[in-house]
Amino acid sequence: MSIAVPPPQTELVSGLDAPLSVLHPDGSRQESEILDEHLADVDETALTDLYVDMSIVRRVDQEAFALTRQGKLVLWPPLLGQEAAQVGSGRALRETDFVFGSYREHALAVLRGVGFAGFLGVWEGLTFSGWDPHAHHLATPQIIIGAQTLHATGYAMATRMDGADDVAVAYLGDGATSEGDVNEAMVFASTFRVPVVFFCQNNHYAISEPVRVQSDFPLALRPTGFGIPALRVDGNDVLAVHAATRIALARARSGGGPTFIEAVTYRMGPHTTTDDPTRYRRDEEVADWREKDPILRLERHLEKIGARTDRIREEAQVRCDAMARELRDAVMTAEAPESATMFDHVYTRQTARLERQRAEHLAFVDSIEEGA
Ligand SMILES: Cc1ncc(C[n+]2csc(CCOP(=O)(O)OP(=O)(O)O)c2C)c(N)n1
Ligand SMILES: [Mg+2]
């Protein structure tokens, strides 16, 4: 007996043949039937703001990377190359939309005003969470691949029950789309028309595993099996990402349910500061993607429309330098908390077992200090 296999729901996806794009790598603007109307208000000032945001985010990444090499941070997962994907989407959200990221969405922490002490404290090993998620509408970093998609979906369901029209946005990687959690989240999101956006940054690798061996098909086809529409966009084109996110948000807010965005981008750095990507990818591949650098692309576009790029670059530089000083001060002056505080926030109320563990821990710390 043969089983009829339904054809992929290609009509649910835009950008299958080529990712949707409005900015060519040389900076020229090309028409997009789908995206253009969502960019009508993006003028030179808005473009400049996006450029400055992306520059700041890149500098944060560089500073954090350097601080890891200096032994101040324990680990850092760089976002180099993914600035347009994160800034373009992050700047489309309203403040009360809730973001559930993985461990690489540093741009969202910057855009949402999380202070450097808290944000880098996590990677310094000084704090477990780093900031108040409710104050910034941003969940703390999720290391369990894909788990944040469940949290986002559940949160968005609750938001709708509360009668609000805020949207939850889950950021996930290409590798995460293979996780059970992500697929379960999509079942719920689709079945209950949940106001959630799945923003997938296909940066071409899950650690050393290239996306081409993760899936024979574009990742944007995966959500369509659940009936979730998908937009496949050029993730190094900040405007394309911005427009696609606006489309997804509007659909969610108006009761249209979830959207999956596949932002096709590239992780130019290593997976984390403990990874050596030369072991699994060719230099020529990285060089090809460097030509598609998202910040360079926007700079070329600004030049093409006659903006004063020398002034814009200067402004960005001043802002980046000030921010870098603030960041370094925060890290250099950060103090380690009392280690026993790790027992304080496991549960709302302390348990007898935790109390015992705390006492054991304190006795152990004392024994080390006496021995020193
Ligand atoms: C459930 C789970 N399985 C495995 C890991 C180990 N792990 C850490 S990062 C990673 C790759 C994730 O790749 P992707 O989703 O593409 O995100 P990226 O790191 O490229 O941003 C894996 C497998 C984990 N953290 N959690
Ligand atoms: Mg990846």
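The values are calculated or read from the model by the stated rules, or taken from the named source; none is laboratory data. Quick caveat: nothing in here was measured; it's all calculated off a predicted structure. Note that we place each Cβ from the backbone using ideal geometry, even for glycine, and neighbour counts take in every protein chain shown. Surface accessibility is based on the protein's heavy atoms, side chains included, excluding ligands, DNA and RNA. Shrake-Rupley method; radii C 1.70, N 1.55, O 1.52, S 1.80 Å.
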Loop chymotrypsin sites (Phe, Trp or Tyr not before Pro), region 255-360, which have at most 13 other Cβ atoms in a 10 Å radius of their Cβ (DSSP): 280, 347
FRET efficiency, 1/(1 + (r/R0)^6) with R0 51 Å, evaluated for residue 368 and residue 308 via beta carbons: 0.30
The chain: angle of helix 352-371 to the longest principal axis, Cα-based, in degrees nearest 10: 70 degrees
Helical mean residue ellipticity (222 nm; -39500 (n - 2.57) per DSSP H run of 4+; nearest 500) of the chain: -14000 deg cm²/dmol
Carbon/sulfur fraction of accessible area - region 10-337, other protein chains in place, 1.4 Å, %: 50 percent
Neighbour net charge for residue 201 - beta-carbon separation under 9 angstrom, K R +1, D E -1: -1
Residue-count net charge about residue 145 - beta-carbon cut-off 13 Å; Lys, Arg +1, Asp, Glu -1: -3
Where GluC sites (Glu not before Pro) fall in DSSP loop in region 1-54, at most 15 other Cβ within 10 Å: 31, 33
Rounded to 10°, Cα long-axis angle of helix 147-161 versus longest principal axis of the chain: 80 degrees
Rounded accessible area of residue 47 (nearest 10 Å², 1.4 Å probe): 10 Å²
Rg/Rg_globular for region 200-254, with Rg_globular taken as 2.2 N^0.38 Å and Rg from C-alpha atoms: 1.28
Anisotropy class of the chain from Cα gyration tensor, a/c 1.5 cut: oblate
Loop-located GluC sites (Glu not before Pro) in region 282-356, at most 15 other Cβ atoms within 10 Å (DSSP): 291, 335, 338
Gain upon complete extension [residue 286, residue 353; 0.36 nm per residue less C-alpha separation]: 19.0 nm
Distance in nm between pseudo-label sites at residue 3 and residue 18 (7 Å out along the Cβ direction from Cα): 3.8 nm
Residues listed by number, region 121-151, amide nitrogen under 17 Å from residue 346 label point at 7 Å toward C-beta: 128-129
Under the Debye formula (equal points on every Cα, no solvent term), log10 I(q)/I(0) of region 152-305 at q = 0.11, 0.17, 0.19, 0.20 Å⁻¹: -0.48, -0.99, -1.13, -1.20
Degrees, to the nearest 10: 309-333 long Cα axis against longest axis of the chain: 20 degrees
Euclidean distance of C-alpha centroids, region 346-372 and region 239-264, integer Å: 48 Å
